[in-house]
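> I have a structure I would like to understand better, so I am pasting it below and will then ask my questions one at a time.
Just so you know, all these numbers are worked out from the coordinates, no wet-lab data involved. Note that the structure is a prediction, hence the values are computed from the model and not measured. Positions of Cβ are backbone-derived with ideal geometry, glycine not excepted, and every protein chain shown enters the neighbour counts.
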Amino acid sequence: MTLPGWKELPEGAVVREPGNTVTISTGEWRVFKPVIIDEKCTRCRLCWIYCPDGTIIEVDDPNAPLGKRYEVDYEHCKGCGICWKECPVNAIEWVPEER
Ligand code: SF4
Ligand code: SF4
C-alpha cells in the first residue's frame with residue numbers, strides 16, 4: 001500500500017486570516033471558568049501576561065486601585081486554568097461552568 005505524499009493530503013485546520021478567531025466563540029467547550037475577585041487583585045498583571053488566548057482584559061477604571069481592573073472575555077476563554085494557577089494571591093476562583 002502506498003501512502004499519499006504530504007502535497008496530496010487535504011487541507012485542514014488552516015487559519016487563512018490572522019485574528020479571524022475574534023469572530024468565533026471559542027469559550028463554548030469550557031468546563032470550568034476563572035472568576036477574578038477584584039478586592040483581592042493586586043494588579044500584578046500576571047494573569048494578563050500568561051493567558052495564552054489574550055482573554056484577560058485590562059480595563060481602565062479611574063475608581064479602581066492603580067486605575068486598572070481585570071476582566072475575563074468569556075466568549076473566548078477556553079478554561080485552561082493557567083491564570084488561576086499563576087495568580088500569586090489567589091484572586092482568581094476556579095468555578096464550574098453553568099449553561
Ligand atoms: S482560563 Fe486560560 S484562556 Fe481563560 S482567561 Fe485563564 S488563562 Fe486565559
Ligand atoms: S494575577 Fe491575580 S493579582 Fe495579578 S492581576 Fe491577575 S487577578 Fe490580579
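> What is the order of Trp84, Trp29, fewest Cβ neighbours within 10 Å to most? Let's see the in-between values first.
Details: Trp84 20, Trp29 9.
In increasing order of surrounding Cβ atoms, one gets Trp29, Trp84.
> Based on the Cβ-Cβ distance from Val15 to Asp73, what FRET efficiency comes out when R0 is 22 Å, to the nearest 0.05?
For Val15 and Asp73, the calculated efficiency is 0.70.
> Per the chain: cysteines with no other Cys C-beta under 4.7 angstrom?
Among the cysteines of the chain, those whose Cβ sits 4.7 Å or more from every other are Cys41, Cys44, Cys51, Cys77, Cys80, Cys87.
> Right, another one. To one decimal place, what orientation-averaged projected area in nm² is obtained for the convex hull of the Cα set of the chain? Write out the running numbers ahead of the final one.
On the way: hull surface 39.5 nm².
In nm², the orientation-averaged hull projection of the chain is 9.9.
> Fewest Cβ neighbours within 10 Å first, please rank Leu46, Leu66 accordingly.
So the residues, fewest neighbours to most, are Leu66, Leu46.
> Among the GluC sites (Glu not before Pro) within the range 28-99, which fall in a DSSP loop and have no more than 14 other Cβ atoms within 10 Å of their own Cβ?
Numbers: sites: Glu28, Glu39, Glu58, Glu71, Glu75, Glu86, Glu93, Glu97, Glu98; in loops: Glu28, Glu39, Glu75, Glu97, Glu98.
Passing sites in the range 28-99 are Glu28, Glu39, Glu75, Glu97, Glu98.
> Let me ask you something else. For the range 60-71, take each phi angle, set θ = phi - 60°, evaluate the Karplus expression 6.51 cos²θ - 1.76 cosθ + 1.60, and give the result in whole Hz per residue in order, putting x for glycine and proline.
3J(HN,Hα) across the range 60-71, in whole Hz: 6, 8, x, 8, 9, x, 6, x, 9, 9, 10, 10.
> May I ask you to list the residues of the range 51-83 whose amide nitrogen lies under 17 Å from a point 7 Å from Cα along the Cα→beta-carbon direction of Thr23?
76
> How would you rank Asp60, Asp73, going from fewest to most other Cβ atoms within 10 Å of each one's own Cβ?
Details: Asp60 8, Asp73 15.
In increasing order of surrounding Cβ atoms, one gets Asp60, Asp73.
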